[in-house]
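Trainee: Can you read through this structure? Questions will come right after.
The values are calculated or read from the model by the stated rules, or taken from the named source; none is laboratory data. Note that the coordinates shown come from a computational prediction; the quantities given were computed from them, not determined experimentally. So basically every Cβ, Gly included, is an ideal-geometry build from the backbone, and we count neighbours across all protein chains shown. Heavy atoms of the whole protein, side chains included, go into the accessibility calculation; ligands, DNA and RNA do not. Shrake-Rupley method; radii C 1.70, N 1.55, O 1.52, S 1.80 Å.
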Amino acid sequence: MSRVLAAMATLAIVASSFALTSNVALGHERRAVGPYTFVVGWINEPSYVNLLNSLDLTVTETSGGKAVEGLDKTLKADLTFGGSSTTQPLTLAARFGLPGKYSGYVMPTKVGDYTFHITGTVGTTNIDEKFESGPGRFGSIESTDPLQYPQKVVSNSDLAARLDQLQTLVIAGIVLGGLALLASAAGLVVRRR
């Protein structure tokens with residue numbers, strides 16, 4: 001009986017090591033692009049607002065799965081938020097010791113959906129692909145609010161809104177103070193006559 005349990009434990013360890021070292025990334029989109037397979041997502045998932053993250057790009061030959069190296073010289077990547085037309089270029093870099101894997105670091109500052117746009121060439125194949133976050137693809141950027149403990153940190157957008165309100169109140173106070181001075185001065189002029 002102990003031999004059976006030892007054999008089952010060994011098989012479980014071997015199976016889990018394949019799961020941990022497999023080339024399949026959970027929370028990433030896998031797509032055939034010509035004779036190549038692109039796997040795209042965030043390097044850290046789940047992905048949170050205002051935390052450094054990166055494009056996680058893996059390119060392999062579809063036939064045989066051989067990693068494609070040197071693409072940091074032939075591909076470009078940029079990032080857009082939501083439906084915005086403003087792009088953020090990413091510096092595409094090969095990941096040390098991981099053939100066919102590339103990164104491009106960024107700090108997403110808004111919660112929501114993002115799109116990676118990858119262009120250039122792989123071998124003789126022209127590349128112009130967009131990878132959008134969402135269900136069945138890779139994760140959207142999430143708020144850190146549920147993770148904050150013991151106190152919630154005021155977000156940059158909330159702080160900016162509070163500063164705008166304060167600025168409006170200061171300007172209104174200056175205008176009212178100026179009007180009060182003018183009214184007081186006008187009252188003095190009328191009394192002297």
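Trainee: Just for the stretch 116-139: of the residues that are at positive phi and in a loop (DSSP other than H, G, I, E, B), which one is nearest to the chain's Cα centre (by Cα)?
Mentor: 134
Trainee: Quick one: in the stretch 59-88, which of the residues that are of a type in the set (Ser, Thr, Tyr) and under 17 Å from the mean Cα position of the chain (by Cα) is surrounded by the most Cβ atoms within 10 Å (Cβ to Cβ)?
Mentor: So, considering only residues that are of a type in the set (Ser, Thr, Tyr) and under 17 Å from the mean Cα position of the chain (by Cα), the one surrounded by the most Cβ atoms within 10 Å (Cβ to Cβ) is 80.
Trainee: Looking at the structure I just gave you, is residue 54 part of a loop (DSSP other than H, G, I, E, B) and either of a type outside the set (A, V, I, L, M, F, W, C) or within 30 Å of residue 159 (Cα to Cα) (or both)?
Mentor: Answer is no for this residue.
Trainee: Does residue 91 count as open to solvent by 70 Å² or more (accessible area, probe 1.4 Å) and touching a residue at least 60 places away in the same chain (Cβ under 8 Å)?
Mentor: no
Trainee: While we're looking at this one, here's another question. Out of all the residues in the stretch 95-107, which are under 9 Å from the mean Cα position of the chain (by Cα) and open to solvent by less than 30 Å² (accessible area, probe 1.4 Å)?
Mentor: Within the stretch 95-107, 106 is the sole residue that qualifies.
Trainee: Mind checking which residues of the stretch 108-163 are among the basic types (Lys, Arg), closer than 17 Å to residue 42 by Cβ and surrounded by fewer than 17 Cβ atoms within 10 Å (Cβ to Cβ)?
Mentor: 110, 130
Trainee: Also: Within the bounds of the stretch 140-153, is there any residue that is closer than 30 Å to residue 71 by Cβ and part of a loop (DSSP other than H, G, I, E, B)?
Mentor: yes
Trainee: For the stretch 158-181, state whether one or more residues are in a loop (DSSP other than H, G, I, E, B), at pLDDT 90 or above and not hydroxyl-bearing (Ser, Thr, Tyr).
Mentor: no
Trainee: I'd like to check something: does the stretch 101-115 contain any residue that is farther than 16 Å from residue 54 by Cα and either in a loop (DSSP other than H, G, I, E, B) or hydroxyl-bearing (Ser, Thr, Tyr) (or both)?
Mentor: no
Trainee: Can I ask one more? Kindly list, by first and then second residue, each pair from a residue in the stretch 49-66 that is within 30 Å of residue 143 (Cα to Cα) and of a type in the set (Ser, Thr, Tyr) to a residue that is open to solvent by 70 Å² or more (accessible area, probe 1.4 Å) and in a strand (DSSP E or B), limited to pairs with Cβ atoms under 6 Å and residues at least 6 apart or on different chains.
Mentor: Correct list of pairs: 54/105.
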